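**Student:** After the structure tokens below, expect a handful of questions from me.
The values are calculated or read from the model by the stated rules, or taken from the named source; none is laboratory data. Quick caveat: nothing in here was measured; it's all calculated off a predicted structure. Cβ placement follows ideal geometry from the backbone for every residue including glycine, while neighbour counts extend to all protein chains displayed.
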Amino acid sequence: MLFLLHNLKSKYYLNKREAKTNFEEPERQVAARLVEHYRKQFDYLDSIKVDDMLNAEELSEAFRTFEWPKVDPDIADDEEYAKTVINKYDKENKSGLNFVEFCVFAEELWEISDKLQEAKCGMGFNKAMEVWDGFFKWLDRDNDGYLVMEDMIYGVSKMMYKDCDVNEVEKVFSEYGGTEKKINYDSFVLAIANGILDKSLGDPNFTESLIN
């Protein structure tokens, strides 16, 4: 869609009739709708001076109303953050964004949102791996880097305050334990990811007895 932003320097809108009738250019149609959406947002925000320019006060409303993500979440004040956005995208030092500059910012906002979401997911994944790493080490009573069935049956039952599902444990060691019936950390995490230990680790009402 970069071609669209270049064209905006000479005109704000594409020829809508051409965009609607030229079905050989679906990207052009999507781009036209997207620019129209940006224009509505721009006009909505341009409410204080109504001068076809967004100052920091006006742009700050976007982060409150639309809850747009921030590259630097440490800047809590929306207007102060809006000033940093203007400093980055204002190419003419006019202390505001015109519509073309706003479109460039809005386009990059998609990438910012994706990166922040990836970072959030990464943090959650790393935290989960820390938990499972600590759990594995706790189950590994002889600290040899492997679990045997007795480790898991005893440890899971004690940790979850209930009897674990022996059938689940047997399945884990049958699929991942090899001939020695031992599993390492990677196999332990893989078994959890594949849901083999769901009853033992996830269902607080599961009370099957180890003896039976």
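**Student:** Look at GLU58 and say whether it is of a type in the set (Asp, Glu) and at pLDDT 80 or above.
**Tutor:** Yes.
Each row is one residue, and each column tells you yes or no for (1) among the hydrophobic types (A, V, I, L, M, F, W, C); (2) closer than 18 Å to TYR89 by Cα; (3) at pLDDT 80 or above.
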position	(1), (2), (3)
LEU14	yes, no, no
GLU18	no, no, no
GLN29	no, no, no
LEU34	yes, no, yes
TYR44	no, no, yes
LYS49	no, no, yes
PRO69	no, yes, no
PRO73	no, no, no
ASP78	no, yes, yes
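**Student:** When residues of the range 155-185 are filtered for being in contact (Cβ under 8 Å) with a residue 12 or more places away in the chain and outside any loop (DSSP other than H, G, I, E, B), how many remain?
**Tutor:** Residues flagged as in contact (Cβ under 8 Å) with a residue 12 or more places away in the chain and outside any loop (DSSP other than H, G, I, E, B) within the range 155-185 amount to 16.
**Student:** How many residues are in a loop (DSSP other than H, G, I, E, B) and out of contact with any Asp or Glu (no Cβ under 7 Å at 6 or more places or on another chain) if we restrict to the range 60-97?
**Tutor:** 16
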